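Take a look at the structure below.
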Amino acid sequence: MLFSQASSVARIGAVAGAVMLVASCGGGGGGGGFLPVVAPATVPPVVNHSIGGTVTGLAGHLVLQNNGGDDLKLSADGKFTFATPLVEGSDYKVSVRTQPLWQFCTVTKGTGKASADVSDVTVACSAAAAKVETLAGSTGTSGAANGKGSAASFLLPWGIAVTKDGGLLIGDWGNNIVRKISPEADVTTFAGNGNFATVNGNGTNASFEDLASLTVDATDTAFVADAQGHRIRKITPTRDVTTVAGNGTNTTTDGNGTNATFNTPVSVAADAVGNLYVLEYGGAVVRKITPAGDVTTLAGSSPRGFADGTKTDAKFGRGYNIAIDVSGNLYVADSENNRIRKVTPDGVVTTFAGTGTPGATDGPGKSATFSSPRGVAVDADGNVYVADFGNSLLRRITPAGVVSTLAGQEGNKGGQDGIGKAATFNQPQGLTINAAGTLYVADTFGNLIRKVTPVQAP
């Protein structure tokens, strides 16, 4: 029994083993063979594609985005490619994040799926049109009334500068006071009381002898060219008025602070490190004042005239305004010579635009004409804007020196708002620009403050 039982177990085990062996070899009914060995799954490689295209007509700085990110800054015509490639099949959408100053750029073929490298996105840039609006003052009204917008009045506004809060300071020449315009267009008197005298003090306790143009530096401190006071005055944000340089003597003498003299200073500009530059109407020179108060003559000499050259070899006529660019170059509205002059930080003077013959011809600087240009401003891209007093026009000069007319009608004076030639000015004399490219014009004989914004040309 025991033997039989063991034999049966052995036989059963042998059969089972045989079945397992056959199964492992793929045997069995139905003609099967060995079981296949399954290889691990393979992952297809990730395919990326670049997104790019071509930009044309660009004069300034443009920022593009792809899918709301991956910013790409461009400053010249040509081909471009975004830094981040996209996975094959992904959507792309190219858009303009930041327009160039006084240009509008449009994107075509800017959307799709990245099924291959994309290089046919096109970005075309063209000049913006100028929309002119009246910010404060009323056509046909002169005075010194404070109020909001058209309820305020001015008398021959000249100086104009942007403040840190987005408002403006105005040198109200005819009233001999400094006015402030809030971002909401509320006009108040900031400093001066209308008396023609050199009196330091706070706010309306101070007075000027002949308030001409002004500027505001990075600390929101204003500097005023007090023309017949022959001094440069300072106004703090808290309205304290003091004398920076000059002592009332109408000569051109270098020195420190009130030991220096000026001959009818009419405009002042501040650079990024605290130097001031002063344009003398009577002395026909450009002066420099350091933060320590040291006054030197940068360029020009008496008697007035016209000559390009270095330092005192250069000659200016009677000028009205001066402006500075981000590189420290100065631009002078040389009104008497009907030219815009450029002065490097080393005192090298060249003619930036204008032939010297009065006119309103647009085109390259060497063939363009102006008529008694008096206001000048420079944007971050190096474009120069001119208040062309004699023509009652607003002009623009590119960094390459090409002149165009933004707004106004040659010789047609008025206070009409509108776009481009639909607008009119009345002998504007002051000009400034903010970081966004909005221009503000002291429309002097219109007794208005005008706001000029870039809009897409129709």
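Data table
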{"quantity": "Output for the stretch 175-194, where each listed residue is part of a loop (DSSP other than H, G, I, E, B) and surrounded by fewer than 17 Cβ atoms within 10 Å (Cβ to Cβ)", "calculated": "S182, P183, E184, G194"}
{"quantity": "Of residues in the stretch 193-239 being acidic (D, E) and free of Cβ contacts under 8 Å to residues at least 40 places away in the same chain, the one nearest to G293 (Cα to Cα)", "calculated": "D226"}
{"quantity": "Sole residue being farther than 24 Å from Q416 by Cβ, at pLDDT 95 or above and open to solvent by 40 Å² or more (accessible area, probe 1.4 Å), chosen from K109, K148, K131", "calculated": "K109"}
{"quantity": "Long-range neighbours under 9 Å by Cβ, at least six apart or interchain, first residue among the acidic types (D, E) within the stretch 273-291, second surrounded by fewer than 24 Cβ atoms within 10 Å (Cβ to Cβ)", "calculated": "E280/T252; E280/N263; E280/T264"}
{"quantity": "Top-ranked residue of the stretch 134-143 - restricted to ones that are over 31 Å from the mean Cα position of the chain (by Cα) and open to solvent by 50 Å² or more (accessible area, probe 1.4 Å), ranked as nearest to G171 (Cα to Cα)", "calculated": "S142"}
{"quantity": "Failed condition for K79, given (1) in contact with a Cys (Cβ under 7 Å, 6 or more places away or on another chain); (2) not in a loop (DSSP other than H, G, I, E, B); (3) not hydroxyl-bearing (S, T, Y)", "calculated": "(1)"}
{"quantity": "Of residues in the stretch 82-97 being in a strand (DSSP E or B) and open to solvent by less than 30 Å² (accessible area, probe 1.4 Å), the one nearest to A380 (Cα to Cα)", "calculated": "V94"}
{"quantity": "Residues (open to solvent by less than 60 Å² (accessible area, probe 1.4 Å), part of a loop (DSSP other than H, G, I, E, B) and in contact with a strand residue (DSSP E or B) (Cβ under 6 Å, 6 or more places away or on another chain)) located in the stretch 195-208", "calculated": "A197, A206"}
{"quantity": "Residues of the stretch 209-226 classified as part of a loop (DSSP other than H, G, I, E, B), under 30 Å from the mean Cα position of the chain (by Cα) and not hydroxyl-bearing (S, T, Y), total", "calculated": "3"}
{"quantity": "Options G300, G328: the member that is more than 24 Å from the chain's Cα centre (by Cα) and of a type outside the set (D, E)", "calculated": "G300"}
{"quantity": "Any strands (runs of 3 or more DSSP E) falling wholly within the stretch 336-453 and containing at least 1 residues that are among the acidic types (D, E) and either within 20 Å of K315 (Cβ to Cβ) or open to solvent by less than 10 Å² (accessible area, probe 1.4 Å) (or both)", "calculated": "384-388, 439-443"}
{"quantity": "Options V241, V278, V295, V273; residue that is outside any helix (DSSP H, G or I), under 24 Å from the mean Cα position of the chain (by Cα) and buried (at least 24 other Cβ atoms within 10 Å of the Cβ)", "calculated": "V278"}
{"quantity": "Test result for D172, open to solvent by 30 Å² or more (accessible area, probe 1.4 Å) and of a type in the set (D, E)", "calculated": "no"}
{"quantity": "Where G229 falls short, out of the listed (1) open to solvent by 40 Å² or more (accessible area, probe 1.4 Å); (2) within 15 Å of V178 (Cβ to Cβ); (3) part of a loop (DSSP other than H, G, I, E, B)", "calculated": "(1)"}
{"quantity": "Filter pass, R304 being at pLDDT 95 or above and open to solvent by 50 Å² or more (accessible area, probe 1.4 Å)", "calculated": "yes"}
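The values are calculated or read from the model by the stated rules, or taken from the named source; none is laboratory data. Nothing here was measured: the structure is a model prediction, and the numbers come from that model. No Cβ is skipped: glycine too gets one built from the backbone with ideal geometry, and neighbour counts run over all protein chains shown. Remember, those area values only see protein heavy atoms, side chains included, never the ligands or the DNA or RNA. Shrake-Rupley method; radii C 1.70, N 1.55, O 1.52, S 1.80 Å.
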